[in-house]
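Here's the structure we're looking at; comments come further down.
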Amino acid sequence: MNIREKLKDKKRIVIKIGSSSLMHPETGRLDLIKLEILVRELADLKNQGKDVVLVSSGAIMVGRNTLGFQERPQKTSEKQACASVGQAKLMMIYQKLFSEYNQVCSQILITKNTMVDNLNRKNAQNTFKELLSLGVIPVVNENDTIATYEIEFGDNDTLSAVVAALINADLLILLSDIDGLYTDDPHTNPHARFISQVDHLDGHFMNMGKGSTGSSVGTGGMATKLSAAHVATGAGADMIIANGKDFHVIHKIMSGQPYGTLFLADPKDEFFLIDYLADLKEE
């Protein structure tokens, strides 16, 4: 059995979806057909007996469309107003779609403060544990309505890796607008080579993340994804970066097909999530 085929044995999976993967690029509005496919894929993972956590961006995007903003809001108060409206609307859609497949989803909103504070982090861990034991699919997002620069993760790549570490997930899948890790930015360098597997995430690979994605709705470029890989693999989870243009890729990845870049778990004996969070706090 090759390494990819072992992915079908994973028991606890965190899947992160970027804003750009949830919308029609022409209008910036939700792509409901894609959302239905996403929910069906996750419901089927649940039917296989796996624990599933979805980290979903999109609150500000949905809110901005609902409130009639033509451009991405710049003022913090406008972003927070959009997030407040959009998060409720997004969860309403997720709950409706999951219920069609007889699944229950819940909402967990997190800020960096939630994770840095020992008591809050333990409470969050207990909540996840209880929800998963009850067969619920938690839908996680940053609490954009109250998060400011000082207390935000800033991107859901980082948040999803922290969640994966917190709940002892054995696989993290990041879906965005790129096929995986390349030796250089493939948008600007036609000679950039695709890297299908990273056994050990060293400085050589971390330096490949200097460029960023050209998405107008997302916040995380390749640098944040490699930072997420650093956390997830150090905590003992495999991680995959793959393209979210077709959410059927989820079951293809889980069946061992060679989609995306696979970062192999590289558990550190000295891995403590709080140490990583302390580094984040100083950034």
Checked 216, 212, 160 against criteria (within 27 Å of residue 25 (Cα to Cα), modelled with pLDDT of 95 or more and among the small types (Gly, Ala, Ser)); the one match is 160
- Query: Before we move on, is residue 38 surrounded by fewer than 19 Cβ atoms within 10 Å (Cβ to Cβ) and of a type in the set (A, V, I, L, M)?
  - Reply: no
query = For the stretch 194-203, does any single residue satisfy the condition of being at pLDDT below 85 and either assigned to a helix (DSSP H, G or I) or within 14 Å of the chain's Cα centre (by Cα) (or both)?
reply = yes
ask   = Is it true that residue 76 is open to solvent by 70 Å² or more (accessible area, probe 1.4 Å), within 18 Å of residue 154 (Cβ to Cβ) and of a type outside the set (Phe, Trp, Tyr)?
value = yes
On the given criteria, is residue 111 among the polar types (S, T, N, Q) and buried (at least 16 other Cβ atoms within 10 Å of the Cβ)?
-> yes
Counting only residues that are under 16 Å from the mean Cα position of the chain (by Cα), closer than 26 Å to residue 231 by Cα and in a helix (DSSP H, G or I), the stretch 82-120 contains a total of 1
Within the stretch 42-68, residues being open to solvent by less than 20 Å² (accessible area, probe 1.4 Å) and charged (D, E, K, R) number 1
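The values are calculated or read from the model by the stated rules, or taken from the named source; none is laboratory data. All values reported here derive from a predicted model rather than from experimental measurement. Cβ coordinates were reconstructed from backbone atoms using ideal geometry, including for glycine residues, and neighbour counts include every protein chain displayed. To get the accessible areas, we keep the full protein, side chains included, count just its heavy atoms, and leave off ligands, DNA and RNA. Shrake-Rupley method; radii C 1.70, N 1.55, O 1.52, S 1.80 Å.
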